[in-house]
Amino acid sequence: KQWYQRRVAITAGGVPIDLLEPSALRYKVLEPVLLLGKKRFEGVDIRIRVRGGGATARVYAIRQSISKSLVAYYQKFVDETSKKEIKDILLNYDKSMLVADPRRCEPKKFGGPGARAKYQKSYR
C-alpha cells in the first residue's frame with residue numbers, strides 16, 4: 001500500500017474544484033465528476049485557466065472544459081466506444097456541458113440608445 005493515495009486532480013486557477021467559490025455553484029462544477037464517477041477520471045490531471053466573465057459564467061466554463069477535456073482524452077488515448085458512452089451520458093444530462101452557447105451581446109449602433117432602439121422622434 002502506498003503512503004500517498006491518489007485523488008482526482010482537477011484544478012481551476014490553481015484551486016482544487018471542490019474548494020471553488022461561490023460555494024452555491026460548487027455542485028455545478030462537480031457535475032461531470034458526479035455523473036461519470038471518479039473511476040473514469042483516474043490517471044487524469046486537469047488544470048483549467050479561466051479569464052473574464054462573472055462568477056457564474058466562470059463556473060459554467062470550468063464545467064464545460066472538464067467535460068470536453070475528458071471526452072477528448074478518451075478519444076485520443078482510450079477507445080471510441082467508451083468516449084461515445086461518456087458523451088451520451090453528458091448530452092442526455094445537459095447539452096451545455098459539451099456545446100457552447102454562441103449568444104453574445106449585440107453592439108450599439110448610432111442613432112439610438114441601444115443596439116436596436118432608436119431615439120424618439122419629436123415634431124415640435
Near pairs, Cβ below 7 angstrom, 6+ apart or cross-chain, from region 82-99 (free of Cβ contacts under 8 Å to residues at least 60 places away in the same chain and assigned to a loop (DSSP other than H, G, I, E, B)) to any residue that is open to solvent by 40 Å² or more (accessible area, probe 1.4 Å) and among the basic types (K, R):
L98/K68; L98/K87
Taking region 68-104 and keeping residues touching a Lys or Arg at 6+ places or on another chain (Cβ under 9 Å) and either at positive phi or among the polar types (S, T, N, Q) (or both) leaves Q75, S82, S96
Within region 35-94, count every residue that is of a type in the set (D, E, K, R), open to solvent by 30 Å² or more (accessible area, probe 1.4 Å) and farther than 18 Å from G13 by Cα.
12
Considering only region 102-115, I want to know if a residue exists there that is of a type in the set (A, V, I, L, M, F, W, C) and part of a helix (DSSP H, G or I).
no
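The values are calculated or read from the model by the stated rules, or taken from the named source; none is laboratory data. Everything numeric in this text was worked out from a predicted model, so none of it was measured. Here the Cβ is made from the backbone with ideal geometry for all residues, glycine too, and neighbour counts use every protein chain on show. To get the accessible areas, we keep the full protein, side chains included, count just its heavy atoms, and leave off ligands, DNA and RNA. Shrake-Rupley method; radii C 1.70, N 1.55, O 1.52, S 1.80 Å.
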